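The values are calculated or read from the model by the stated rules, or taken from the named source; none is laboratory data. This one's a predicted model, so the numbers in the text were calculated from it and none came from an experiment. Positions of Cβ are backbone-derived with ideal geometry, glycine not excepted, and every protein chain shown enters the neighbour counts.
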Amino acid sequence: MSHLRGRYLLPSLFSIFVLWFACGVQAQSSSLLPKQFAGWQLSGNVRQSTDLASADSINAALLKEYGFSGLESATYQRQDGRKLALKVAHFTDATGAYGAFTYYLMPQMNSETIGDGAASLNERVLFHRGNLLVDAVFDRLTAMSAAELRELSNQLPLPASNLANLPVLPTYLPKENVIANSTRFIVGPIGAQKTGAPLQEPLIDFSNGAEVVIASYRTSSGESTLTLLSYPTPQIAGEHLKRILGAQSQENGVPKLEGRRSGPLVALVSGAASAGDKRSLLQSINYEADVTWNEKTNFGKRDNMANLLVNIIILCGILIGFSAVAGLAFGGARVMIRKLLPNRVFDRPENEFISLELSGTGQRSSESDVSSSIKSA
């Protein structure tokens, strides 16, 4: 009995090992990082993890709020000995990747043209593309380092459908006099707390679908912080604006915040700037509704009813023409054969029809035969 158990145990262990190895190979093949790009070769294996602490133990809760879903890290090497360490954080959509990118921005970073947005500081380059946030650290920079990362960015896959769309709210921020790398995109209370936003829960009310973006501006009378809040409808935005202005405190009889609503957007300005500069900054926020229709309209060539009817008519014409040509060919062939080979193919005696002679005389004779047979009976 023990011998039989050993025979069946070994195949089972072998099957488990094969399954484990296949799963490991499949996980490795599903990596987003390429094996090579722009002369860089992958050194070792790509390490994958879904642990928030492995990405950033201090800001794990914030990454979860942005929709963090996984991390990949790898080391690349060139033939000249240079090395590059890459970390790629996955998020649910491009909104989360952009929000995390704005959080990790530092004032001393320089803007770069890589992916959907990038910034660099010494040997470190941070950029986001789609729902991915990439942290690249070179051991030595060259003039081609940015171009190499652009090639890497082009090889990274994009998420399907609208998950690759960047948030629209930051596009309403004025670009004039903005302080570099001061923009922060916030989607939850943890982000509002860590970024030092002028408003906190429950005034923002993230449970109502709010999004927040803040940026700092230089004015002639001092620096100011512009806060934009986006709500689902203008009515909800108006209610929150009244609540925010009614709950704010004052300094020396002057409100800390000045606000204005434009459509579903609420604009708030705080800081050391004068009242005139604050109002000027508020007036630069104007909501414009762009109506787009992204639902399939079924007016393609394959789905258009008029095209279908035209194709049916064309098909009927083709069938009629084919039938006419086939009929003429068949009839013409018989006529030609009868002329070229008379009494040999179609007019031979054995091909004649057997017909009944049902003439009038024959009918009367048959009737007389029938009557005579009745009399004899």
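Values as computed for the structure displayed
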{"quantity": "Checking Ala74 against (1) modelled with pLDDT under 95; (2) farther than 25 Å from Thr195 by Cα, the condition it does not meet", "calculated": "(1)"}
{"quantity": "Selection from the stretch 126-153 of residues that are acidic (Asp, Glu) and under 15 Å from Asn110 (Cα atoms)", "calculated": "Asp135"}
{"quantity": "Condition met for Leu121 (touching a helix residue (DSSP H, G or I) at 6+ places or on another chain (Cβ under 8 Å), within 29 Å of Thr219 (Cα to Cα) and among the aliphatic types (A, V, I, L, M))", "calculated": "no"}
{"quantity": "Selection from the stretch 86-120 of residues that are out of contact with any Phe, Trp or Tyr (no Cβ under 8 Å at 6 or more places or on another chain), assigned to a strand (DSSP E or B) and within 14 Å of Leu133 (Cα to Cα)", "calculated": "Lys87, Val88, Ser120"}
{"quantity": "Single match in Ala119, Ala143, Ala147, Ala136 (criterion: modelled with pLDDT of 95 or more and either exposed (fewer than 14 other Cβ atoms within 10 Å of the Cβ) or more than 30 Å from the chain's Cα centre (by Cα) (or both))", "calculated": "Ala147"}
{"quantity": "Flag for Ala180 being assigned by TED's automatic domain parsing to the domain that holds Val269, surrounded by 13 or more Cβ atoms within 10 Å (Cβ to Cβ), touching a residue at least 60 places away in the same chain (Cβ under 8 Å) and closer than 27 Å to Glu223 by Cβ", "calculated": "yes"}
{"quantity": "Members of the stretch 75-95 found to be among the small types (Gly, Ala, Ser) and in contact with a strand residue (DSSP E or B) (Cβ under 6 Å, 6 or more places away or on another chain), listed by number", "calculated": "Ala85, Ala89"}
{"quantity": "Candidate set from the stretch 37-88 (those that are buried (at least 19 other Cβ atoms within 10 Å of the Cβ) and of a type in the set (Val, Ile, Thr)); member that is nearest to Ala136 (Cα to Cα)", "calculated": "Val88"}
{"quantity": "Matching residues, the stretch 140-167, being aliphatic (A, V, I, L, M) and touching a Lys or Arg at 6+ places or on another chain (Cβ under 7 Å)", "calculated": "Leu156"}
{"quantity": "Residue ranges of helices (runs of 4 or more DSSP H) in the stretch 174-292 with at least 3 members polar (S, T, N, Q)", "calculated": "none"}
{"quantity": "Failed item in (1) closer than 23 Å to Leu169 by Cα; (2) free of Cβ contacts under 8 Å to residues at least 12 places away in the same chain, with Phe91 passing the rest", "calculated": "(2)"}
{"quantity": "Condition met for Ile318 (among the aliphatic types (A, V, I, L, M), surrounded by 10 or more Cβ atoms within 10 Å (Cβ to Cβ) and at pLDDT 90 or above)", "calculated": "yes"}
{"quantity": "Criterion: at pLDDT 50 or above, more than 30 Å from Ala192 (Cβ to Cβ) and aliphatic (A, V, I, L, M) - qualifying residue of Ala38, Ala22, Ala55, Ala60", "calculated": "Ala38"}
{"quantity": "The stretch 59-85, residues that are closer than 22 Å to Asn131 by Cα and of a type in the set (Lys, Arg)", "calculated": "Lys64"}
{"quantity": "Looking only at the stretch 281-313, and only at residues there that are polar (S, T, N, Q) and under 26 Å from Leu173 (Cα atoms), the one that is modelled with the lowest pLDDT", "calculated": "Asn294"}
